[in-house]
Amino acid sequence: MRLAAPFSIGFNVNDLVDSGRAALALITLFDPALWTIVARSLAVSATACAIAYVMGVAAGAWLGVARFRGRGVVLTVINTLLALPSVLVGLLVYLLLSRSGPLGFLGWMFSFQAMVVAQVLLVVPVVMALTRQVVEDADLQHGEQLTSLGAERFMRGLLLAWDERYALLTVLMAAFGRAISEVGAVMIVGGNIDGFTRVMTTAIALETSKGDLPLALGLGIVLLGVVLLLNALISVVRAWRERVDGVTSTATRPMVAAI
């Protein structure tokens, strides 16, 4: 149940402190409207990241070990896609899924699926580029050993990706942060329909324009908390990996000295 006045949608809150207090009240009292939007946002971004991660890791692992003519051009294109505007992705998906588009028969326009497709297109280049760099660096250290054992190129890339799985976990977190914080693509293909396709970023834009600052601030605080949590997890995983690698290196020194 939404809070009653003075924190209702139609009330104009001019004082920032009052708006902040109202926003915190919406969060702590588990306002259904706010947390439904949050849950939908997490579901869309988690689904998109799961799909994009599988595609991006496979392609990035292959690119990390592959050597072919035009590879530099491919890498340049991928790096350019890292800065691809989300509104442009939304426009592309809109053209594909509209009734007159090639995928219009799916009937996905202004739906959960359309938002997932848009975020997948946004996140795949991020996962590909970062995975390619991780695997390529690992290939310089261990690639010859795997090749001598008979591993084919794609298999070598996958084995190196598995060996660097903790580094790729940070890639997943970064990709999720990219997906959940974008607004342009989901606004275009989702339509920001209340109860169906409204997510945190689009709701913040809408509620701010309507003057419902408590709800907008509440969603903003939750969104900021999600991003902060992701960055904290990345730091924890990185520190843990460095500690594990340090222990492993220390443990192998007596063996090397004995040899």
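Read-outs: derived from the displayed coordinates by stated rules, not from any lab. As the structure is a prediction and not an experimental result, all values here were calculated from the model. Cβ atoms come from the backbone with ideal geometry, glycine included; neighbour counts cover every protein chain shown.
Before rounding to the nearest 500, sum -39500 (n - 2.57) across all DSSP H runs of length at least 4 in the chain and divide by the residue total; then give [θ] at 222 nm in deg cm²/dmol.
-26500 deg cm²/dmol
How do 87-93, 215-221 rank on mean C-beta neighbours within 10 Å, highest first? Write down the numbers at each step before the final one.
On the way: 87-93: 19.6, 215-221: 23.1.
Listed from highest to lowest mean packing, they are 215-221, 87-93.
For a footprinting-style exposure proxy, rank LEU140, LEU24 by other Cβ within 10 Å, fewest first.
Arranged by neighbour count, lowest to highest, LEU140, LEU24 become LEU140, LEU24.
Rank these for me by crowding, SER86, SER19, SER41, going from fewest to most other beta carbons within 10 Å. If you can, show how the numbers build up before the last one.
Details: SER86 22, SER19 19, SER41 25.
Least crowded to most crowded, the residues run SER19, SER86, SER41.
Gap in Å between the Cα centre of region 98-149 and the Cα centre of region 196-247?
Here the answer is 22 Å between Cα centres.
How large is ³J(HN,Hα) for each residue in region 87-103, as worked out from phi by the Karplus curve 6.51 cos²θ - 1.76 cosθ + 1.60 (θ = phi - 60°), to whole Hz, x for Gly and Pro?
Each residue of region 87-103 in turn: 5, 5, 5, x, 5, 4, 5, 4, 5, 6, 9, 5, 4, 8, x, x, 10 Hz.
Which whole-number percent gives the relative contact order of the chain, counting Cα pairs below 8 Å spaced six or more residues apart?
Working: 318 pairs, mean separation 77.2, N = 259.
Across the chain, relative contact order equals 30 percent.
Using all C-alpha to C-alpha distances in region 9-131, build P(r) with 5 Å bins and read off the rounded percent in each one.
All Cα pairs considered, the percentages come to 2, 10, 13, 14, 14, 12, 12, 10, 6, 4, 2, 1, 0.
In whole Hz, with x marking every Gly and Pro, tabulate ³J(HN,Hα) for region 78-86 from phi via Karplus 6.51 cos²θ - 1.76 cosθ + 1.60, θ = phi - 60°.
Residue by residue, region 78-86 yields 5, 5, 5, 5, 4, 9, 5, x, 5 Hz.
What longest range of the chain stays clear of loop-exposed trypsin sites (Lys or Arg not before Pro) (DSSP non-H/G/I/E/B, at most 15 other C-beta within 10 angstrom)? Before the final figure, lay out each step's value.
Working: sites that count: ARG2, ARG67, ARG69, ARG99.
It works out to 100-259.
If each residue's Cβ is checked for other Cβ atoms within 10 Å, how do THR28, THR170 rank with the fewest at the top?
Numbers: THR28 9, THR170 20.
Ascending Cβ contact count within 10 Å gives the list THR28, THR170.
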